[in-house]
1. Check off (1) over 21 Å from residue A:264 (Cβ atoms); (2) not in a helix (DSSP H, G or I) for residue B:55 and give me the number that stays unchecked.
2. If you go through segment B:306-326, how many residues are at negative phi and either touching a helix residue (DSSP H, G or I) at 6+ places or on another chain (Cβ under 9 Å) or surrounded by 18 or more Cβ atoms within 10 Å (Cβ to Cβ) (or both)?
3. For segment B:219-229: of the residues being within 19 Å of the chain's Cα centre (by Cα) and more than 16 Å from residue A:268 (Cα to Cα), which is nearest to the other protein chains (Cβ to nearest Cβ)?
4. Could you tell me which numbered condition residue A:259 fails, if it satisfies all but one of (1) within 23 Å of residue A:228 (Cα to Cα); (2) more than 14 Å from every other protein chain (Cβ to nearest Cβ)?
5. Let me confirm something: among A:202, A:226, which residue is crowded, with 16+ Cβ neighbours inside 10 Å and either more than 26 Å from residue A:133 (Cβ to Cβ) or not assigned by TED's automatic domain parsing to the domain that holds residue A:135 (or both)?
6. Take residue A:271 and tell me if it is under 18 Å from residue B:272 (Cα atoms), facing chain B (nearest Cβ under 9 Å) and modelled with pLDDT of 95 or more.
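The values are calculated or read from the model by the stated rules, or taken from the named source; none is laboratory data. Predicted model only: the values in this text are computed from it and were never measured. Every residue, glycine among them, receives a Cβ derived from its backbone with ideal geometry; neighbour counts consider all protein chains shown.
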């Protein structure tokens with residue numbers, strides 16, 4: 001019988017994440033009950049929101065339990081099945097977390113789309129691609145010709161969001177934390193411009209790239225970039241509140257100034273969303289994204305870290321921006 | 001020939017408004033040119049936004065010019081007319097400002113609705129009523145059964161907004177700055193509860209009145225009440241950003257915490273608006289409001305200050321909350 005390696009949360013982080021709050025242990029491989037499948041995890045999705053799940057206050061889900069297996073979205077292979085319609089060998093999306101094996105009711109896993117490689121299924125066709133798609137189109141309601149700012153643009157969500165905005169006829173500027181990322185955005189992904197937020201004067205850079213103001217800001221970071229973007233928003237602009245990576249990792253951050261005054265005067269809309277709210281419309285997004293992937297309109301870059309044991313440092317790196325594109329752990 | 005008393009802005013305010021930044025002078029009564037009417041001002045609307053117009057930075061309109069006549073919405077009587085369709089004796093809505101007389105092109109004035117007394121025309125059927133109507137219904141998108149918080153609820157906009165929310169089947173709690181105002185809200189206007197924000201612990205009071213959270217917050221004040229309301233918003237709640245009276249009068253205020261984190265996790269929408277954007281739909285709102293006035297469903301309280309010379313202190317008082325209902329200056 002194989003063992004089930006598991007990475008557990010030993011204690012809640014105090015401030016910035018450190019690897020010592022996690023511990024790897026060997027558990028038993030669970031036996032799937034009636035109506036369940038046994039999943040062998042192949043890829044773990046690392047997401048900035050994972051950090052927020054570690055804090056004691058609930059987010060859009062309860063916090064990860066201290067002592068429990070670290071949670072995460074996964075693509076797994078079915079290795080035993082008590083579920084009709086799910087066969088051994090099927091690849092499924094599951095919420096198995098940072099471990100080798102997990103048993104789930106058949107209703108809690110979802111076959112990945114036919115013809116989709118596992119790395120696409122857990123990135124551009126998974127949570128991150130759907131987040132980009134619905135955030136930009138449904139919350140941002142972009143219109144051709146509009147000027148769009150995307151933060152964390154070299155990340156999993158931002159890189160897809162920026163490419164969709166270009167496909168829809170917008171002018172797109174991305175922000176990222178290294179010159180290499182900025183070059184990737186403009187030279188490979190077709191962004192109209194990029195801002196290295198670590199070296200630029202944000203206000204001046206936004207003024208230069210958006211002389212007429214920002215119509216839609218797809219915000220993955222919060223903090224100073226959101227503050228500067230608010231000052232630069234155009235009349236009737238929209239801020240898609242997707243995430244706040246700048247504040248997840250223990251940095252409380254200053255309060256946001258100009259709220260609500262800027263919203264009133266410029267008739268701005270700021271709106272938050274969680275991609276799960278859109279799962280009923282998943283087929284629509286999947287069809288569009290698969291089409292764009294197939295005809296080469298969008299590039300999906302994955303950043304694969306090999307080995308479960310490296311998941312903690314891979315997540316820590318993600319929070320400081322060492323990834324380009326979607327970071328996955330491969331088991 | 002009568003003189004034209006005018007109140008001019010001598011200099012921009014530094015911090016809280018003081019009467020000495022205004023000066024009354026006597027000017028000439030203008031002669032209406034071709035296509036113009038001469039207006040004799042009867043009522044001046046005092047609004048919290050007047051304060052924001054005095055600061056050097058533009059709001060949704062250019063600032064009041066130093067040396068110029070203080071601006072304001074008015075109801076005037078036509079006393080000379082070179083415009084077909086506007087007769088001497090007609091009452092019109094105009095933007096004549098703090099003076100006895102002003103000449104305007106016929107296209108810049110609007111006859112008040114037939115059968116509407118002037119005091120209604122400049123309050124519940126004017127900017128403030130329209131603001132309440134469109135803010136609550138179009139931005140707030142209230143649904144029967146929802147729980148609604150209104151700040152500055154004993155003011156011109158808030159008192160109408162709260163009554164509309166009640167008519168639409170919502171539970172409505174208002175905040176105001178005196179016990180007398182709170183009693184007026186609950187005993188006369190039918191609010192389900194009221195919070196004296198000057199004496200209450202805001203967080204505790206909101207917790208008590210909204211055990212399940214706030215669905216829609218109609219925000220006229222910004223500042224600490226907005227901060228506490230954000231913490232108490234319910235999933236998919238909406239914040240109608242109508243004004244920020246707490247920050248208009250020279251108090252910068254602390255930054256707003258939890259932006260954008262609270263918006264993301266609770267899928268909140270915060271949206272600003274300016275009533276002028278809705279003028280194309282004015283007839284719809286007017287018809288509804290006139291109907292509710294006629295059948296007694298809503299009460300329109302006006303707070304009339306007599307004499308142009310009292311306008312400065314009346315505005316200062318409005319900013320500190322000495323009014324109940326819509327404050328007007330009668331000339």
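1. Of (1) over 21 Å from residue A:264 (Cβ atoms); (2) not in a helix (DSSP H, G or I), only one is false for residue B:55: (1).
2. Keep residues of segment B:306-326 that are at negative phi, which gives B:306, B:308-320, B:322-324, B:326.
This time we only want the ones that are either touching a helix residue (DSSP H, G or I) at 6+ places or on another chain (Cβ under 9 Å) or surrounded by 18 or more Cβ atoms within 10 Å (Cβ to Cβ) (or both), so: B:308, B:311-316, B:318-319, B:322-324, B:326.
Within segment B:306-326, residues that are at negative phi and either touching a helix residue (DSSP H, G or I) at 6+ places or on another chain (Cβ under 9 Å) or surrounded by 18 or more Cβ atoms within 10 Å (Cβ to Cβ) (or both) number 13.
3. Restricting attention to segment B:219-229, the residues satisfying the condition of being within 19 Å of the chain's Cα centre (by Cα) are B:219-223, B:225-226.
Retained after the next criterion (residues that are more than 16 Å from residue A:268 (Cα to Cα)): B:221, B:223, B:225-226.
Values: B:221: 9, B:223: 9, B:225: 11, B:226: 6 Å.
Among those that are within 19 Å of the chain's Cα centre (by Cα) and more than 16 Å from residue A:268 (Cα to Cα), it is B:226.
4. Every condition holds for residue A:259 apart from (2).
5. Working: A:226 fails: either more than 26 Å from residue A:133 (Cβ to Cβ) or not assigned by TED's automatic domain parsing to the domain that holds residue A:135 (or both).
When all the criteria are applied, what remains is A:202.
6. So residue A:271 fits the description; yes.
Here's the yes/no breakdown for (1) buried (at least 19 other Cβ atoms within 10 Å of the Cβ); (2) part of a loop (DSSP other than H, G, I, E, B); (3) modelled with pLDDT under 95; (4) at negative phi:
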residue	(1), (2), (3), (4)
B:78	yes, no, no, yes
B:87	no, yes, no, yes
B:129	yes, no, no, yes
B:144	no, yes, no, yes
B:152	yes, yes, no, no
B:157	yes, no, no, yes
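Condition check ((1) at negative phi; (2) surrounded by fewer than 21 Cβ atoms within 10 Å (Cβ to Cβ); (3) within 9 Å of chain B (Cβ to nearest Cβ)) across all residues:
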site	(1), (2), (3)
A:217	yes, no, no
A:231	yes, yes, no
A:242	yes, no, yes
A:277	yes, yes, yes
A:287	yes, yes, no
A:300	yes, no, no
A:304	yes, yes, no
